[in-house]
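A quick write-up on the structure given underneath.
Rule-based calculations on the coordinates, nothing more; no lab input. The structure presented is a predicted model; accordingly, all values stated were derived computationally and were not measured. With ideal geometry, Cβ positions are generated from the backbone for all residues, glycine too; neighbour counts draw on all protein chains shown.
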Amino acid sequence: MRFTKPSVAIVDQLALLQARGTVVPDVGHALHCLQHISYYRLRAYWLPFEQITAGTDEHKFTPGTSFDDVLALYVFDRRLRLHVMDAVERVEVSLRGSWAHHLAMKYGPHGYLDQALYTRADHYDRACRTLTNEIGRSKDTFIVHYLEKYDEPRHPPIWMIAEVISLGQLSKWFSNLKLRSDRQAIAKPYQIDEKVLISLFTISPTYATYALITGGFGTSSSP
């Protein structure tokens with residue numbers, strides 16, 4: 001089937017919405033929104049208001065549907081996503097910091113590279129190779145400065161690594177730690193058992209951050 005839909009000017013887009021039953025309280029504002037948000041992006045938000053006639057491709061809107069109602073849904077969704085992204089960033093930063101600080105204080109700046117700290121040597125070797133690649137690709141000033149200034153150890157200290165390692169790779173380093181006491185110390189700020197944190201990371205690092213957000217840190221001093 002060949003795509004044959006024509007391009008439609010913004011004024012005609014609004015006319016089409018009105019023909020389908022959309023109430024437009026402020027035409028100028030609606031045109032402004034279609035110009036700067038786009039018809040296609042807003043389309044997802046007026047789907048709940050559509051009434052499709054059986055056996056046809058005709059899309060009418062529920063009587064009384066206002067362009068402002070559709071726009072309100074879009075604005076709510078945009079603001080919600082911004083809040084979630086902000087919270088996810090805070091949790092990610094906190095996890096990186098907790099991991100790096102505990103291992104740095106207990107084993108030193110480069111102690112994380114000691115294979116004896118980890119349960120699975122094969123997982124450790126794979127994580128090291130991935131980390132080496134990530135360091136090599138990094139354009140961060142502090143990584144470049146370290147590599148230019150220091151020859152040994154070749155890998156930067158853990159607090160630098162925590163800033164460039166992906167969250168997925170961080171979960172592998174964390175879950176492979178041999179001592180439960182280390183894992184428990186890293187999980188302690190979130191008031192959950194290390195096994196719970198590992199299980200969340202096993203499902204998805206992103207889901208782990210979401211779970212920590214919705215479950216809360218248990219304190220009023222979360223970052």
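Of interest is the spacing of the C-alpha centroids, which for the stretch 75-118 and the stretch 1-57 amounts to 43 Å.
For Lys172, the lysines whose Cα falls under 30 Å of its own Cα, not counting residues fewer than eight places away in the same chain, are Lys106, Lys139, Lys149, Lys188, Lys195. Placing dummy labels 7 Å off each Cα toward the beta-carbon, the span from Ile10 to Asp68 is 2.1 nm. Taking the chain as a Gaussian network of alpha-carbon nodes connected by springs under 10 Å, the highest mean-square fluctuation of the residues Gln35, Gln115, Gln184 belongs to Gln35. Here the spin labels are modelled as points 7 Å beyond Cα on the Cα-Cβ line, and at Lys149 and Glu50 they lie 5.8 nm apart. Shape call for the chain from the C-alpha gyration tensor, a ≥ b ≥ c root eigenvalues: rounded (a/c under 1.5), prolate (a/b greater than b/c) or oblate? Cα axes put the chain in the prolate bin. Taking other C-beta atoms within 10 angstrom as a stand-in for reagent exposure, His102, His29, His110 fall in the order His29, His110, His102, fewest first.
Remark: Thr22, Thr119, Thr141 ranked as Thr141, Thr119, Thr22, counting other beta-carbon atoms within 10 Å and listing the fewest first. Tell me the net charge near Arg120. Cut-off is 11 Å between Cβ atoms, Arg120 excluded, with +1 for each Lys or Arg and -1 for each Asp or Glu. Net local charge, Arg120 excluded: +1.
For the chain, modelled as a GNM whose springs connect Cα atoms under 10 angstrom apart, the maximal fluctuation among Met105, Met85, Met160 occurs at Met105. Listing Trp99, Trp159 from fewest to most neighbouring C-beta atoms within 10 Å gives Trp159, Trp99.
Tell me the angle of helix 121-137 to the major Cα principal axis of the chain, expressed in degrees between 0 and 90 and rounded to the nearest ten. For helix 121-137, the angle is close to 60 degrees. Around the amide H of Thr65, modelled in the peptide plane, lie the amide H atoms of Val23, all under 5 Å away and 5 or more residues distant in sequence or on another chain.
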